[in-house]
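Where a number appears in this text, it was derived from the coordinates with a stated rule and is not lab data. The shown structure was predicted, so the numbers you read here are calculated from the model rather than taken from an experiment. We place every Cβ from the backbone using ideal geometry, glycine too, and count neighbours over all the protein chains shown.
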Amino acid sequence: MPYLSPTYYNLAVSVIRDLPVSKETVRKKEQVRENIYRKNKTMRKLALIAVLLITSVNAQAVETVKVFKGTGNTTTAIFTVEAPWLLDWNLNGDYDAIVALDVTLVEAHTGRHVGRILHTKRKGNGLQLFDQAGQFQLRVSSTLARWTLKVQQLEPEEKELYTPRNPK
């Protein structure tokens, strides 16, 4: 297709616009406009349905309660959760073989050791599901590692979506 400068293009469009048009051409143009309008209306409806579906899925999405990040040993701030909840963890580091992460769950006000919930010597990530409500802290011990721990609240019906890799 040959290139037309904007000036010549605009001139050509104005000449074509001024040409006499038959009733058949006008009718076809109106049909095309109507089809475009119908298609746009359908696309708007589909877009609205998609938005509603996405929001209904997100309405039951996991809610992040707290996010903890660090590189060393620490005891996190207190967080409150209802059962069930998830610990979404990520471990990264500059070395492949000598990183380590140990995480212990502690009752917030008594300091009682609930249990060791994570121990790894490899970079990676994972999820840990808990069925215990309360106020807790995480006692974190790490070696040459950058870690992220996300505490996420689940709805009871969402618990069924999580199945352990290695059931005990």
Legend entry - Protection proxy ranking, peptides 30-40, 88-98, 106-116, average beta carbon neighbours within 10 Å, highest first: 88-98, 106-116, 30-40
Inset, instruction - Calculate the tail of P(r) for segment 115-161: the fraction of all Cα-Cα distances greater than 12 Å, expressed in %. - result: 72
Legend entry - Percentage of interatomic Cα-Cα distances in segment 63-156 larger than 15 Å: 56
Legend entry - Charge tally in the Cβ shell below 14 Å around Tyr162, where Lys, Arg are +1 and Asp, Glu are -1, Tyr162 excluded: -4
Legend entry - Cβ-defined net charge surrounding Leu91, 14 Å radius [Lys, Arg +1; Asp, Glu -1]: +2
Inset, instruction - Provide the net charge surrounding Gly72, with neighbours chosen by a C-beta distance below 14 Å and charges set as Lys +1, Arg +1, Asp -1, Glu -1. - result: +2
Inset, instruction - Output ³J(HN,Hα) for segment 75-84: one whole-Hz value per residue in order, computed from phi by the Karplus curve 6.51 cos²θ - 1.76 cosθ + 1.60 with θ = phi - 60°, and x for Gly and Pro. - result: 10, 6, 5, 6, 10, 10, 9, 9, 7, x
